[in-house]
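Q: The structure under discussion is supplied below as structure tokens; questions concerning it will follow.
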Amino acid sequence: MKTGRASGRSSSAFSCAAKRSGVLQALRRPTLLLCGRQDAWSPLARHEEMQAMVAGSRLVLAEDSGHMSPMEQPQAVNAALREWPRD
């Protein structure tokens, strides 16, 4: 299921602001990034950029899911959260 229409402006603004501020680069905690494969608002490429900024982060894809992965694929999200702290 795809949710909503792509609104690249606000998502791009977040990505650019995060790069400029150094917030993501400064994270020194275990970080899980989860992206719905069909997320048009914040696509995989954007999550890959964020992952590259956070040392040691893990990126998990929720298949058959858009921007609302916890509602669209709750089992996949729960599984990722259960497995993540053990990585």
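Q: Given Leu61, Thr31, Leu44, which one lies farthest toward the positive end of the charge dipole of the range 28-86, if we put +1 on the Cβ of every Lys and Arg and -1 on the Cβ of every Asp and Glu?
A: Thr31
Q: So, one more: Can you work out the Karplus-derived ³J(HN,Hα) for every residue in the range 45-61? Use 6.51 cos²θ - 1.76 cosθ + 1.60 with θ = phi - 60°, whole Hz, and x for glycine or proline.
A: Running phi through 6.51 cos²θ - 1.76 cosθ + 1.60 with θ = phi - 60° gives 4, 5, 5, 5, 4, 5, 4, 5, 7, 10, 4, x, 6, 10, 10, 10, 9 Hz.
Where a number appears in this text, it was derived from the coordinates with a stated rule and is not lab data. Nothing here was measured: the structure is a model prediction, and the numbers come from that model. Don't worry about glycine lacking a Cβ; one is built from the backbone with ideal geometry, like all the others, and counts go over all protein chains shown.
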